[in-house]
Amino acid sequence: DEGVAGLMVARIVKAGGKAAVIAASAATDPLALATTLDGLRQQHGKVAGIVHLASLNRADGNDLTIWKQQSSLQAKSLFWLLQQTMSELASGPSIALAASRFGGCLGRETEGTSMPQAGAAVGLFNCATQEIPSLRARLVDFEVEATPQTIVDALFDELTADDARTEI
């Protein structure tokens, strides 16, 4: 979600951190992602965290072409991000967050607007935290009507939370 992404970057920078938005076109192509990450490393230094927001977008899951695009954006791009930043994330305390709109309870009690692919973050994070014990990783689920500012506030709080839960 571009509105959330811009607000999130501003919030992180205001707190003294470094952040950037990776375009969907780069995130869904492993080679373009590698090039983008190299440029961001030159500009900002090593990667210490990921905030993956692709699953906040609404998409028509009934259209096969869109479904495939969203699978690439929501699940594969997170895998590629984790894969391409693993050594950096493992070099010290690090964080990986993903956001979804399954209705605030990960789709267990209500339906949201996220596609099923958004749930891939939990499995990816469970694997990543086994490989990188210093990584704190979690999927944060929001109600459909959550505002961009509400989402940013909650995600920013999660950046500093110190517990092992993978689903919020």
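The values are calculated or read from the model by the stated rules, or taken from the named source; none is laboratory data. Worth saying up front: this structure is predicted, and the values here are computed from it rather than measured. FYI the Cβ positions are ideal-geometry reconstructions off the backbone, even for glycines, and counts take in every protein chain you see. Just the protein is used for accessible areas: all its heavy atoms, side chains included, with ligands, DNA and RNA removed. Shrake-Rupley method; radii C 1.70, N 1.55, O 1.52, S 1.80 Å.
Numbers at a glance
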read-out: Among the residues listed as Ile50, Ile66, the single one being under 20 Å from Glu158 (Cα atoms) and among the aliphatic types (A, V, I, L, M); value: Ile50
read-out: Filter pass, Ser72 being part of a helix (DSSP H, G or I), among the small types (Gly, Ala, Ser), under 23 Å from Glu143 (Cβ atoms) and modelled with pLDDT under 95; value: no
read-out: Close pairs (6 angstrom Cβ cut-off, 6 or more residues apart or separate chains): surrounded by 16 or more Cβ atoms within 10 Å (Cβ to Cβ) in the range 70-86, not in a helix (DSSP H, G or I) anywhere; value: Gln70/Ala59; Gln70/Met115; Ser72/Thr28; Leu73/Thr28; Ser77/Thr28; Leu78/His52; Leu81/Ile50; Thr85/Val47
read-out: Qualifying positions in the range 87-98 - in a helix (DSSP H, G or I) and either among the aromatic types (Phe, Trp, Tyr) or open to solvent by less than 50 Å² (accessible area, probe 1.4 Å) (or both); value: Glu88, Leu89
read-out: Where a residue in the range 47-62 is farther than 16 Å from Ile132 by Cβ and touching a residue at least 40 places away in the same chain (Cβ under 8 Å) and its partner, wherever it lies, is open to solvent by 20 Å² or more (accessible area, probe 1.4 Å) and not in a helix (DSSP H, G or I), with Cβ under 7 Å and at least six apart; value: Leu53/Asp1; Leu56/Asp1; Asn57/Asp1; Arg58/Thr113
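Residue-wise test of (1) part of a helix (DSSP H, G or I); (2) surrounded by 14 or more Cβ atoms within 10 Å (Cβ to Cβ).
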| residue | (1), (2) |
| --- | --- |
| Gly3 | yes, yes |
| Leu7 | yes, yes |
| Arg11 | yes, yes |
| Gly16 | no, no |
| Leu31 | yes, no |
| Leu37 | yes, yes |
| Gln42 | yes, no |
| Ser55 | yes, yes |
| Arg58 | no, no |
